[in-house]
Amino acid sequence: MVAQRVYRPMAKEKIVVGLDIGSANVKIAVGILKNDAERPEILGVKAVPSSGVRKGVVVEIKEVVASTAKAIEMVETVAGVTVASVVASVNGTHVNMRKTKGVVVVSRADSEISEGDVDRALDAAKTISLPANREIITVIPLVYNVDGEMGIKDPVGMNGVKLEAEAVLIDALSPAIKNLRKCINETRLDIDALIPAGLAAAQSLLNKKQLDLGTAVVDVGAGTTSIAVYEEGRLIHFKVFPVGGAHITNDIAIGLRTSTEVAEEVKLRYGNALPANVNKKDVINMAEFGADLNFKIAATQLTEIIEARVSEIFELLNKELKSIDRKGLLPGGIVFAGGGIKIPGTVELAKEIFKLPAQIGATQNVSGVLDEMHDPIYAACLGLVKEGLGNGEEQAVTPSRRGIAVPNIKIKHGFDIRKFIKSFIP
């Protein structure tokens, strides 16, 4: 038996593990920020089929624990590390975004704004009334206002009397969060932070130009689809919908009168979202997928089923963009993440429906030789790694002190995001 190589980071080297528990797969990535490196290096990524998750929410703890433990074991072998804690994703329609403000009087006698003043302003922004079954999972500072001067990214060192913080609160159902934490803790892991999967994907895929121009990140998973809209470097909208790639599979199963397992295989092998891309004379011999499937279907029939469901999802997202007056008005276009977007023709269909540029996102500002880094199913877990390391051209979730101050939120096990991310900033 060959002994497992265990990577031991040198001084100032930091390792972060991103864990994305989805409805179809558990994805996990390991990244390291080496001494004086400009960007994180990805040591390993792995995905294993998951069960026990429905529409992004844990419904069977034992099954989720088993899938997660398997993914952890696999990535430990590939990356040569022992995983002790993770930055984990949160998903589901119960995840909600709220805008808030907090106002404080500057404490110093010389009226110079300190980091303590920023902390107090953010604490004031968190003081809102939530239903008893909901909890705040993260706070994202947007901008600060000093004595009426608006749109300040970093007020520390400025002079003023009144400091106002504008922020976004992400809250979620407490029972769903408790079940997620329990699953992770039962694999003997600590939780460093919880971040919505859609925002983590944005952290992975968007560069500074896209954040500034106005861009929507659409993360199409198996059970959910999320949209995160950024403009002028700030998150302006986020929402999760209870539809995804599994619904396309279910439609195919119904249309072809077959099982969801066979429907998924047919989708992956012959699926296309645009009828124009398919020869009308092409047929699919269903016997390829089982001896008892002794019939053939027109390839266009499959394409029409896929097009109908994908169009429905995109129209739902377009309606959401209209509700925030951004329909057709995002110069950065649509950037896609998630396994549900891998059907050929989907991007072309998106361009037609959204009337915007569209592309499958590529992970930004990381190094590594792994082909999997460019697979859209890993966008969220790679974003979790980048967020935990706090290193990148621009932070899309909780920007560091080089841009916008990070909120002082304590997650389970006494983790302090501000102190954690600051430790990586020279």
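The values are calculated or read from the model by the stated rules, or taken from the named source; none is laboratory data. The structure presented is a predicted model; accordingly, all values stated were derived computationally and were not measured. Cβ placement follows ideal geometry from the backbone for every residue including glycine, while neighbour counts extend to all protein chains displayed. Keep in mind that these areas ignore ligands, DNA and RNA; they rest on the heavy atoms of the full protein, side chains included. Shrake-Rupley method; radii C 1.70, N 1.55, O 1.52, S 1.80 Å.
Checking I324 against (1) under 16 Å from A228 (Cβ atoms); (2) open to solvent by less than 20 Å² (accessible area, probe 1.4 Å); (3) at pLDDT 95 or above: exactly one of these is not met. Which one?
(2)
Of the residues that sit in segment 81-93 and are open to solvent by less than 20 Å² (accessible area, probe 1.4 Å) and assigned to a loop (DSSP other than H, G, I, E, B), which one is modelled with the lowest pLDDT?
Checking each candidate, the answer is V81.
Quick check on V103: is it in a strand (DSSP E or B), surrounded by 24 or more Cβ atoms within 10 Å (Cβ to Cβ) and not polar (S, T, N, Q)?
No: the conditions fail for V103.
Within segment 243-274, restricting attention to residues that are more than 13 Å from R309 (Cα to Cα) and of a type in the set (D, E), which residue is surrounded by the fewest Cβ atoms within 10 Å (Cβ to Cβ)?
Out of the qualifying residues, it is E261.
Applying the selection to segment 352-372, what residues are part of a helix (DSSP H, G or I) and either open to solvent by 10 Å² or more (accessible area, probe 1.4 Å) or free of Cβ contacts under 8 Å to residues at least 12 places away in the same chain (or both)?
Taking segment 352-372 and keeping what is part of a helix (DSSP H, G or I), we get 352-354, 371-372.
If the condition is that a residue be part of a helix (DSSP H, G or I) and either open to solvent by 10 Å² or more (accessible area, probe 1.4 Å) or free of Cβ contacts under 8 Å to residues at least 12 places away in the same chain (or both), then E352, I353, D371, E372 are the ones that fit.
Does G223 fit the bill of being of a type in the set (G, A, S) and under 16 Å from the mean Cα position of the chain (by Cα)?
yes
Out of curiosity, is E63 more than 30 Å from V156 (Cβ to Cβ) and either open to solvent by less than 60 Å² (accessible area, probe 1.4 Å) or assigned to a loop (DSSP other than H, G, I, E, B) (or both)?
Criteria not met by E63.
When K182 is evaluated against the numbered criteria (1) without any contact (Cβ under 8 Å) to a residue 24 or more places away in the chain; (2) part of a helix (DSSP H, G or I), which criterion, by number, is the only one it fails?
The failed condition is (1).
Provide a single number: the residues in segment 290-314 that are more than 30 Å from F241 (Cβ to Cβ) and either touching a Ser or Thr at 6+ places or on another chain (Cβ under 9 Å) or surrounded by 18 or more Cβ atoms within 10 Å (Cβ to Cβ) (or both).
2
Tell me, which helices (runs of 4 or more DSSP H) wholly within segment 188-304 include 2 or more residues that are over 30 Å from I140 (Cβ atoms) and of a type in the set (D, E, K, R)?
It comes to 260-270.
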